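Everything on this sheet refers to the single structure shown next.
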Amino acid sequence: MFHNIPRPVADRMKVLEKMDAEHRRDRKPPLERLRQVPPETGRFIAIVAAAAPAGAWLEIGTSGGYSALWLSLACRAAGGRLTTFEILDAKIALARETFREAGVEDVVELVEGDAREHLGKYEDVSFCFLDAEKDHYAECYEKIVPHMVPGGILVADNAISHGEVLARMLTTAIEDDRMDSLVVPVGSGVLLGRRI
């Protein structure tokens, strides 16, 4: 999966990595800058997604489409399709450009709008990557878990870097008898949960 990343995908990843580094260097406000995972988290979520059972794949928080590019590799390897949600117009435009330039529009669908208004429409969720506004995590978690298939996987980013903000949601997930969950120290830390 990672040994033969298609050139358009790899090239677009480099563009977004450079853009992200510039935004961080220039200290752009959070809503204006790319808020994307580091490459090691991208690889991690792709491996995990590729091992998910059959069902719907969701991403909450597209930003510029970087993590969706990693997940597109898993889609191709496992025969899946990703639906990703973004609410900010500038990031929607950038993500559309990303998916077009990388040639992944056949496996990635971008939905414009607040994911929380759409999550109840998805049944048989087998994989979900949650990387949106941190104050929305708990609500998204509660909307996703009841619709997950047995063995379905949920990954939530920033579990360590934003551990204080996410403390209640993380405790809920770890104590949830519907899930087996733990925090993994990859990138900014991820909550990894498997539906029982």
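Consider S67 carefully, then state whether it is within 13 Å of the chain's Cα centre (by Cα), at pLDDT 95 or above and among the small types (G, A, S).
Details: within 13 Å of the chain's Cα centre (by Cα): yes; at pLDDT 95 or above: yes; among the small types (G, A, S): yes.
The answer is yes for S67.
From the list A156, A93, A115, which residue is among the small types (G, A, S) and more than 22 Å from R178 (Cβ to Cβ)? Spell out how you get there, then give the answer.
Values: A156 fails: more than 22 Å from R178 (Cβ to Cβ); A115 fails: more than 22 Å from R178 (Cβ to Cβ).
When all the criteria are applied, what remains is A93.
So is R194 in contact with a strand residue (DSSP E or B) (Cβ under 9 Å, 6 or more places away or on another chain), surrounded by fewer than 20 Cβ atoms within 10 Å (Cβ to Cβ), touching a residue at least 24 places away in the same chain (Cβ under 8 Å) and not small (G, A, S) or not?
Details: in contact with a strand residue (DSSP E or B) (Cβ under 9 Å, 6 or more places away or on another chain): yes; surrounded by fewer than 20 Cβ atoms within 10 Å (Cβ to Cβ): yes; touching a residue at least 24 places away in the same chain (Cβ under 8 Å): yes; not small (G, A, S): yes.
Judged against the criteria, R194 is a match.
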Taking the condition in a loop (DSSP other than H, G, I, E, B) and either charged (D, E, K, R) or out of contact with any His (no Cβ under 6 Å at 6 or more places or on another chain) (or both), does M13 pass? no
When the residues of region 114-135 are narrowed to those that are surrounded by fewer than 23 Cβ atoms within 10 Å (Cβ to Cβ) and without any contact (Cβ under 8 Å) to a residue 60 or more places away in the chain, which ends up nearest to F85 (Cα to Cα)? D114
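Mind checking which residues of region 140-162 are free of Cβ contacts under 8 Å to residues at least 40 places away in the same chain, under 20 Å from S67 (Cβ atoms) and in contact with a helix residue (DSSP H, G or I) (Cβ under 8 Å, 6 or more places away or on another chain)? If you could, list the steps in order and put the result at the bottom.
The initial filter retains those residues of region 140-162 that are free of Cβ contacts under 8 Å to residues at least 40 places away in the same chain, namely 141-143, 146-147, 156, 158-162.
Filter once more, keeping what is under 20 Å from S67 (Cβ atoms): 141, 143, 156, 158-162.
Passing the criteria: Y141, K143, A156, N158, A159, H162.
Give the residues of region 155-171 that are out of contact with any Ser or Thr (no Cβ under 8 Å at 6 or more places or on another chain) and surrounded by 17 or more Cβ atoms within 10 Å (Cβ to Cβ), sorted by residue number.
Taking region 155-171 and keeping what is out of contact with any Ser or Thr (no Cβ under 8 Å at 6 or more places or on another chain), we get 155-156, 163-171.
Scanning region 155-171 gives V155, A156, L166, M169, L170.
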Identity of the residue in region 8-41, within 21 Å of F129 (Cα to Cα) and among the hydrophobic types (A, V, I, L, M, F, W, C), that ends up modelled with the lowest pLDDT: L31
Identify the residue in region 136-154 that is of a type in the set (V, I, T) and crowded, with 22+ Cβ neighbours inside 10 Å and, among all such residues, is nearest to A52 (Cα to Cα). I153
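The values are calculated or read from the model by the stated rules, or taken from the named source; none is laboratory data. This structure is a prediction, so every number in the text was calculated from the model and none was measured. Reconstructed Cβ throughout: ideal geometry from the backbone, glycine too, with neighbour counts over all protein chains shown.
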